[in-house]
Structure formats: C-alpha cells, structure tokens
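Remarks on the structure that follows.
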Amino acid sequence: MSRVLIIESSARQQDSVSRQLTQRFISQWKAAHPADTITVRDLAVNPVPHLDANLLGGWMKPQEQRNTQELEALARSNQLTDEVLAADVLVLAAPMYNFAIPSTLKAWLDHVLRAGVTFKYTETGPQGLLIGKRAIVLTARGGIYAGSASDHQEPYLRQVMGFIGIHDVTFIHAEGLNMGRDFHDKGLNQAIARLAEVA
C-alpha cells in the first residue's frame, strides 16, 4: 500500500485544467491502486504563508527562545513536512503563472525544503533525504513552452525535487490551452493520455 500526497495550487476552482487533471488522476489511481491512501492539500483554499522571520526563527532559534509566532510557524512547517515524509508518491498540480509556478506552491516548497529534515549539507555538497519517493507534476499552460527557454517550471521543479532526493519525476503538460479550441483540445487530450499511462 502506498500513500499519495497531492498538492493543488491553482487559484481557480472551477474551469481549472490542473484541477481537472488532478481529479482524473485520483479516479484512475484509485482504480489501479484501490488499497492506496490519497491526501489532498489545497493551497488555494488553505494557503501557506510565505517564508518570513517567524518561520526562520522557528527553525533556527533554541526552543526556549522561540516566541508564540515562531512556535506556530514551526508547527505548521512540521505538519507540512511530515505529510511529505509520509508520502510515497508526491503529485504537484501546477498551472503556469507568468512562466513559473504559483507563489502558493513556492511558499509550500519553502516550508518543506528543510536542512536536516528533507536534505542535509555534507562535505561533498547537499544531499537529498527523500530517497525512494516518486513525484508526478501536472501542469496547465496557456501556450506551448516545454523544452523552451521560457519554461521556468519544469527545470526548477526538477532541481527542487532532486535537491531533496526525489529523482523519479514525471511531468505531464497540458499546453496550448489559450491558443484556440484545436490547440486546447489537443493539449488536454495529450495530457489525459499520459495520465492514463502514469496511473
């Protein structure tokens, strides 16, 4: 039995293509893996604060020196990190906003990329600690960017996942969604076909 953690980051609820892909993924994954557990964290419904002094204090100060805000920030980071540590499969649903990921997803990443917890520094450089996990990234894009210099999603997320030790990363792009009906349908159908293979 595997544990799947899904991170939703689209600001849109209805008409969100990344959410459509997520729902299709869930139904297909459940059909193929009925014993698995799936947890969904929706960063639009429950946004994570951006990295601030309270979170840094919660991480870095001795226990007795932390104030109430720092303790709360640390507890939130611990909860988010524990979810990632417990997961076997991590699914990131990431629409492209201004050539990159939503700021809500970046804020979540800032909470879970933690020295000594999800990675560590060694004499030979940083080492990821989440070995053996798998990640699936579902993107929705108005244009066609895969493999181009304008794609700041996939290279960034590959680097971030690798940094914490997740090297088995599959990207499924729904592209051309705002380029007319033909491009929209083609991009969405291609993503749906890839989803079926992955699930």
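The values are calculated or read from the model by the stated rules, or taken from the named source; none is laboratory data. Quick caveat, the model's predicted, so the values are computed rather than measured. With ideal geometry, Cβ positions are generated from the backbone for all residues, glycine too; neighbour counts draw on all protein chains shown.
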| request: Scan region 30-86 residue by residue and report those that are in contact with a Lys or Arg (Cβ under 8 Å, 6 or more places away or on another chain) and among the acidic types (Asp, Glu). | output: ASP36, GLU70, GLU83
| Which fully enclosed strands (runs of 3 or more DSSP E) of region 85-199 have 2 or more residues being more than 25 Å from VAL45 (Cα to Cα)? | 119-122, 125-128, 168-174
| query | Does region 61-74 hold any residues that are surrounded by 12 or more Cβ atoms within 10 Å (Cβ to Cβ) and in a helix (DSSP H, G or I), and which are they? | reply | GLN69, GLU70, LEU71, GLU72, ALA73, LEU74
| Residues of region 45-81 classified as within 13 Å of ARG114 (Cα to Cα) and hydroxyl-bearing (Ser, Thr, Tyr), total | 2
| note | Taking region 13-29 and keeping residues without any contact (Cβ under 8 Å) to a residue 40 or more places away in the chain, assigned to a loop (DSSP other than H, G, I, E, B) and under 26 Å from HIS111 (Cα atoms) leaves GLN13
| query | For region 165-179, what are the residues that are among the polar types (S, T, N, Q) and modelled with pLDDT under 95? | reply | ASN178
| Residue that is surrounded by the most Cβ atoms within 10 Å (Cβ to Cβ), among those in region 131-163 that are among the hydroxyl-bearing types (Ser, Thr, Tyr) and under 21 Å from GLN20 (Cα atoms) | THR139
| Would you call LEU56 closer than 24 Å to LEU129 by Cα, buried (at least 16 other Cβ atoms within 10 Å of the Cβ) and touching a helix residue (DSSP H, G or I) at 6+ places or on another chain (Cβ under 9 Å)? | no
| query | For THR81, are the conditions met, namely being in contact (Cβ under 8 Å) with a residue 24 or more places away in the chain, in a helix (DSSP H, G or I) and touching a Ser or Thr at 6+ places or on another chain (Cβ under 9 Å)? | reply | yes
